[in-house]
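> One structure follows; several queries about it will come next.
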Amino acid sequence: MAKVKVEYACTACGTASPKWVGKCPGCGEWNTLVEEVSAPGPKYRGGAAADFPASRPVRLTEVQDTAAERTRCGIGEFDRVMGGGVVSASATLIGGDPGIGKSTILLQVARGLGRKGNAVLYVSGEESEAQVKLRASRLGVASAEIYLMSETSLERILSAAGELAPAAMIVDSIQTVFSSDLPGAPGSVGQVRECAARLVFFGKKAGISVFLVGHVTKEGAIAGPRVLEHIVDTVLYFEGEKGHPYRILKAVKNRYGSTNEIGVFEMRAEGLTEVADPSGMFLSDRSGDTSGTLVFPAIEGTRPLLVEVQALVSQSFLAMPRRTTLGVDYNRVILMCAILERKAGISLYNQDVFVNVAGGIRVDEPAADLVLCCAVAGSFKDRVVPPGTAVFGEVGLGGEVRAVPMAEMRLNEAAKMGFSRVVLPAANAERLSAKFPLELLPVRHVKEAISRAGGGK
Ligand SMILES: Nc1ncnc2c1ncn2[C@@H]1O[C@H](COP(=O)(O)OP(=O)(O)OP(=O)(O)O)[C@@H](O)[C@H]1O
Ligand SMILES: [Mg+2]
């Protein structure tokens, strides 16, 4: 009988350790090591030597140019996040909270691919064929090109995929798949890592685009070994706020496209529908007469997006006043508070500051500095800004307002959404080549911006 060895592996980074330790020697995380039972199984045959002729070095100039072959699935928001469609033989990992809509979006993607005559194998390890069919009926998916299989055994999945030779294969979810060659329960670090690697390798060899659904941990990262993200070509996260029907699809890694793009969807009974006008969506519940609330024309990937930044400043009764942020970087807010204190004469040392970006979206651009300053100052002074005002610009430590990229795109979007006044860096205003139907308020210093945003000179 094969000798069974007990080892420990880190759930965050996959580092193996012969004994249990509290702190992972690989990534330094605490309490991430779990027991892994490993026995020497049959030799892994997936290597290049077994299946491919030996390769030899070739000159870069001699390698033929081949554009990645892409198939658009017809869901514009999904195709854009993927970099322009699904690349053949690529591997994509999609993660997200339970119930966010991972199975739904992939079924809709399968429908899109099926419509173009591509066979799609949908393997569900979590639901029966009847359950998947129930969802498909609700979504109106009825394609003869989609094959369902309720299976968790890797060997049987690979053999079915080998026989069917589909254009794409969806595995929902990778945590449920297990190989009988390997010890350990389904979902253990070793099983997840090895099953994912074999599925991806199989896809590359057979020319099948593989989609793997991954569960996420409490912290929101994809569960299982970190190496999972290295194995695949594209990693997508599906996010959304509880209680909101809106879902945002983000690429955090993409070997075939930009990672800046986001896709916005609305969850409805008939499935996820594309939101073509996200600016309108994030601004829809605005009330005009609140102090500390301002609109920021953000850029997400190649698209402008208007978001509402809200600040609430109130007297603190704590020794250390609170700074709480949602949707913006905490340290950025601290920095802006310090600049307001020193350069704009706004004393926040005894004030609690809360900052939120409405709609559950995250803003990480330096161009949001000025709107943060104006919102915090507006709430502190309890001054309502004139309606139809948008603000953007980067703020330096000296309180100076710096130019930001893509100013014209931001102005266009503000004009399109009916805004009439925009506070912007003077350096951007000087370089504008087009005329905008907006009152432009160029500023050079944060103090000037606060005054002008509030309607002053
Ligand atoms: N009849 C319905 N009307 C509206 N929304 C629905 C309906 N049925 C399901 N949903 C939505 O679909 C979501 C479930 O979608 P889905 O099963 O694709 O999620 P998932 O991310 O695959 O979840 P899991 O992690 O459990 O597999 C529900 O949380 C709900 O928001
Ligand atoms: Mg699911």
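The values are calculated or read from the model by the stated rules, or taken from the named source; none is laboratory data. A quick note: this is a predicted structure, and the numbers were derived from the prediction, not measured. For neighbour counting, all protein chains shown are included, and Cβ atoms are generated from backbone atoms with ideal geometry for every residue, glycine included. Ligands, DNA and RNA are stripped out before the accessible areas are found, and what is left, the full protein with its side chains, is counted by its heavy atoms. Shrake-Rupley method; radii C 1.70, N 1.55, O 1.52, S 1.80 Å.
> Top to bottom by accessible area (1.4 Å), largest first, where do Leu249, Leu397 land?
Leu397, Leu249
> Also, quick follow-up: At 0.36 nm per residue, and after removing the present C-alpha to C-alpha distance, how many nm does the segment from Val21 to Leu440 gain when stretched out fully?
144.9 nm
> Could you please report the charge total around Ser279, scoring K, R as +1 and D, E as -1 over all other residues with beta-carbon less than 10 angstrom from its beta-carbon?
0
> How high is the relative contact order of segment 281-345, in percent, counting Cα pairs under 8 Å that sit 6 or more residues apart?
21
> For segment 281-453, just the Cα atoms, rotate onto the principal axes and tell me the three extents in Å, largest first.
Answer, in whole Å and largest first: 51, 34, 28 Å.
> So, one more: What is the set of long-range amide H partners of Gly95 at a cut-off below 5 Å, with H atoms built 1.01 Å from backbone N?
Sorted by chain and number, the residues that satisfy this are Gly214, Leu236, Tyr237, Phe238.
> What number, in percent, do you get for the relative contact order of the chain if the mean sequence gap of Cα pairs under 8 Å and at least 6 apart is divided by its residue count?
Dividing the mean separation by the residue count of the chain yields 12 percent.
> Restricting to Cα pairs below 8 Å that are 6+ residues apart, what does the relative contact order work out to for segment 93-198? Please round to a whole percent.
The normalised contact order for segment 93-198 reaches 26 percent.
> Next question. Where Lys and Arg each count +1 and Asp and Glu each count -1, what net charge lies around Thr176 among other residues with Cβ under 11 Å from its Cβ?
Charge balance in the 11 Å sphere: -4.
> Here is a follow-up. Find the accessible area per residue for the chain; the probe is 1.4 Å, ligands and nucleic acids are left out, and the unit is Å².
Roughly 48 Å² per residue, with all protein chains present.
> Quick check on packing: order 398-406, 164-172 by the mean number of other C-beta atoms within 10 Å, highest mean leading.
The packing order, highest mean first, is 164-172, 398-406.
> How about the chain: what cysteines have no other cysteine beta carbon under 4.7 Å from their own?
Taking the Cβ cut-off of 4.7 Å, the unpaired cysteines of the chain are Cys73, Cys195, Cys337, Cys373, Cys374.
> Antiparallel versus total DSSP beta bridges in the chain: what percent is that, nearest 5?
Counting DSSP beta bridges with both partners in the chain, the antiparallel share is about 55 percent.
> In the chain, what is the volume of the convex hull around the alpha carbon atoms, normalised per residue and reported in Å³?
Convex hull of Cα atoms, per residue: 196 Å³.
> Separate question: Just reorder Thr104, Thr61 by solvent-accessible area, largest first, 1.4 Å probe, all chains present.
Per-residue accessible area, sorted high to low, gives Thr61, Thr104.
> At a 1.4 Å probe radius, carbon and sulfur cover how many percent of the accessible area of the chain?
On the chain, the fraction of accessible area on carbon and sulfur atoms equals 53 percent.
> Further question on the same structure: Indicate the gyration tensor shape class of segment 121-246 (rounded, prolate or oblate), computed on the Cα atoms with a ≥ b ≥ c the square roots of the eigenvalues: a/c under 1.5 is rounded; otherwise a/b larger than b/c is prolate and the rest oblate.
oblate
> Helix-only mean residue ellipticity at 222 nm, the chain, DSSP H runs n ≥ 4 weighted -39,500 (n - 2.57), per residue, nearest 500. What is it?
-8000 deg cm²/dmol
> Too long at a 31 Å Cα-Cα cut-off: which of Lys133/Lys204; Lys242/Lys416; Lys19/Lys205; Lys116/Lys250; Lys23/Lys242; Lys242/Lys343?
Violating the 31 Å Cα-Cα cut-off are Lys19/Lys205; Lys23/Lys242; Lys242/Lys343.
> Arranged from highest to lowest average of other beta-carbon atoms within 10 Å per residue, in what order do the peptides 196-202, 97-103, 13-19 appear?
Taking the mean over residues of other Cβ atoms within 10 Å, the ranking is 196-202, 97-103, 13-19.
> Viscosity 1.002 mPa s, temperature 20 °C: give me the Stokes-Einstein translational D for segment 330-399 in µm²/s, with Rh taken as the Kirkwood radius over C-alpha pairs.
Calculated translational D: 169 µm²/s.
> Per residue and in cubic angstrom, what volume does the convex hull of the Cα atoms of segment 276-368 have?
With only Cα atoms used, segment 276-368 gives 106 Å³ per residue.
> Have a look at Ala375, Ala427, Ala390 and report the one farthest towards the positive end of the charge dipole of segment 281-453, computed about the Cα centre with Cβ charges (Lys/Arg +1, Asp/Glu -1).
Looking along the dipole axis, the top candidate is Ala427.
> When DSSP beta bridges are limited to those with both residues in segment 281-453, what percentage is antiparallel, rounded to the nearest 5?
That works out to approximately 60 percent antiparallel.
> Kindly give Rg over Rh for segment 224-345, based on alpha-carbon atoms, with the Kirkwood expression for the hydrodynamic radius.
Across segment 224-345, the Cα-based Rg/Rh ratio is 1.04.
> Given the peptides 203-216, 422-435, 174-187, arrange them by the average over their residues of other C-beta atoms within 10 Å, most packed first.
Answer by packing, highest mean first, reads 203-216, 174-187, 422-435.
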